[in-house]
Amino acid sequence: MGSSVVLATAGYDHTIRFWEATSGICYRTLQYADSQVNKLEITADKTLIAAAGNPHIRLYEVNSNNPQPIISYDGHTSNVTSVGFQKDGKWMYSGSEDGTVKIWDLRAPGCQREYESRAAVNTVVLHPNQGELISGDQHGNIRVWDLTANACSCELVPEVGTAVRSLTVAMDGSLVVAANNSGTCYVWRAMRGSYLTTHFEPLHKLRAHQGYVLKCMLSPDVRQLATTSSDRTVKLWNLDGFTLDRTLAGHQRWVWDCVFSVDAAYLVTASSDCTARLWDLSTGDAIRIYSGHHKATTTCALNDSAIEGRDDG
């Protein structure tokens, strides 16, 4: 990993911890007094980190000693389960168990847009085209929200009544994967239709885990799919044939979250065992354990990409 790496974890002990990725040293701890932290996301320019809790979203400075959030977003009425940023950092999106998907302008307070899912939203992802949000909810619905038309342009229900836990979109927009509470991942080929809306062509149904799939994530090079589970394992699937490349074992409890390094050589995972781990995917070994949280660690965020216009060594 490069020299400019932002790695953070959070969970049920009401703290956000920043780590030196290679040494495993925690160099900064933020208190998140209101609730547990459900999700973290770092802006592309590595200046801000969003922490989603219940029911607030707080925005903190990454390169600062300021322990206070610089802004709070208070429009949700229940657990915020997803948070993310538009690539230029102009706006933020979120999903919540209150049944809504919201868009927030980072340059102005308040919610700019809201979409009703009619069921608790567990996951929201932004299509790389920056023009569509895709949400998955507790009733098993996947909806595509067309931000230009300001409406739902597509609805998929892979398994009626089985909660969609996690969604991931390939960086090149070619694939969409949904993971659910029955341990299954549904894979679609995403086709560009008329009016730049995405059409979904079923590609594969993957029986990934015996337990819940809590997180699915396509690698940046679109060669592998990572799945984390209540069965305490992380699995890496080869997208060429959907065969199992390797199983990462070591966490002692549920594995809630994962994120790839930008070169897809490493994976960071977060678990109820109070640790996060850094895995070398060439060997399947956990080469670093981040210990410091004293309750379940439910989210990890990593930005190790080179920033345009800056020398990251």
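The values are calculated or read from the model by the stated rules, or taken from the named source; none is laboratory data. On a predicted model such as this, the values are computed, not experimentally measured, just so you know. As a convention, Cβ positions derive from the backbone with ideal geometry for all residues, glycine included, and neighbour counts pool all protein chains shown. For accessibility, only protein heavy atoms count, side chains too; no ligands or nucleic acids. Shrake-Rupley method; radii C 1.70, N 1.55, O 1.52, S 1.80 Å.
Collect the residues in the stretch 146-171 that are in a strand (DSSP E or B), under 20 Å from Leu218 (Cβ atoms) and open to solvent by less than 40 Å² (accessible area, probe 1.4 Å), keeping them in residue-number order. Working first, answer last.
Step one: filter the stretch 146-171 for residues in a strand (DSSP E or B), giving 146, 151-156, 164-169.
Still in the running and under 20 Å from Leu218 (Cβ atoms): 154, 156, 164-169.
Once the filter is applied, which keeps residues that are in a strand (DSSP E or B), under 20 Å from Leu218 (Cβ atoms) and open to solvent by less than 40 Å² (accessible area, probe 1.4 Å), the stretch 146-171 yields Cys154, Leu156, Val164, Ser166, Leu167, Thr168, Val169.
Report, ordered by the first and then the second residue, all pairs with beta carbons closer than 6 Å, sequence separation of six or more or different chains, a first member in the stretch 211-224 that is more than 19 Å from Thr162 (Cα to Cα) and modelled with pLDDT of 95 or more, and a second member that is open to solvent by 20 Å² or more (accessible area, probe 1.4 Å) and of a type in the set (Ser, Thr, Tyr).
Listed by first residue and then by second, the contacts come to nothing, as the list is empty.
Per-residue answers, yes or no, for (1) aliphatic (A, V, I, L, M); (2) buried (at least 18 other Cβ atoms within 10 Å of the Cβ); (3) under 15 Å from the mean Cα position of the chain (by Cα):
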| position | (1), (2), (3) |
| --- | --- |
| His76 | no, yes, no |
| Ser82 | no, yes, yes |
| Trp91 | no, yes, no |
| Glu97 | no, yes, no |
| Lys102 | no, yes, no |
| Cys111 | no, no, no |
| Glu116 | no, no, no |
| Val121 | yes, yes, yes |
| Val125 | yes, yes, yes |
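In the set Val213, Val177, which member is in contact with a strand residue (DSSP E or B) (Cβ under 6 Å, 6 or more places away or on another chain), buried (at least 19 other Cβ atoms within 10 Å of the Cβ) and under 19 Å from Cys152 (Cα atoms)?
Val177
Which pairs do you get when a residue that is on the phi > 0 side of the Ramachandran plot, found in the stretch 161-182, comes within reach of a residue that is not hydroxyl-bearing (Ser, Thr, Tyr), reach meaning Cβ atoms under 8 angstrom, with the pair 6+ apart or on two chains?
Gly161/His139; Gly161/Gly140; Gly173/His127; Gly173/Pro128; Gly173/Asn129; Gly173/Ala190; Gly173/Arg192
Which is over 23 Å from Cys111 (Cα atoms), open to solvent by less than 10 Å² (accessible area, probe 1.4 Å) and assigned to a strand (DSSP E or B), of Leu30, Leu59, Leu40? Full working, then the answer.
Numbers: Leu59 fails: over 23 Å from Cys111 (Cα atoms); Leu40 fails: over 23 Å from Cys111 (Cα atoms).
Within the list Leu30, Leu59, Leu40, the selection yields Leu30.
Given the criteria over 19 Å from the mean Cα position of the chain (by Cα) and either of a type in the set (Phe, Trp, Tyr) or outside any strand (DSSP E or B) (or both), does Asp263 qualify?
Numbers: over 19 Å from the mean Cα position of the chain (by Cα): no; either of a type in the set (Phe, Trp, Tyr) or outside any strand (DSSP E or B) (or both): yes.
No, not satisfied.
Could you list, in sequence order, all residues of the stretch 30-40 that are free of Cβ contacts under 8 Å to residues at least 60 places away in the same chain and of a type in the set (S, T, N, Q)?
The answer is Gln31, Ser35.
Might you let me know whether the stretch 126-139 holds any residue that is free of Cβ contacts under 8 Å to residues at least 24 places away in the same chain and among the hydrophobic types (A, V, I, L, M, F, W, C)?
Step one: filter the stretch 126-139 for residues free of Cβ contacts under 8 Å to residues at least 24 places away in the same chain, giving none.
Taking every residue of the stretch 126-139 in turn, none turns out to be free of Cβ contacts under 8 Å to residues at least 24 places away in the same chain and among the hydrophobic types (A, V, I, L, M, F, W, C).
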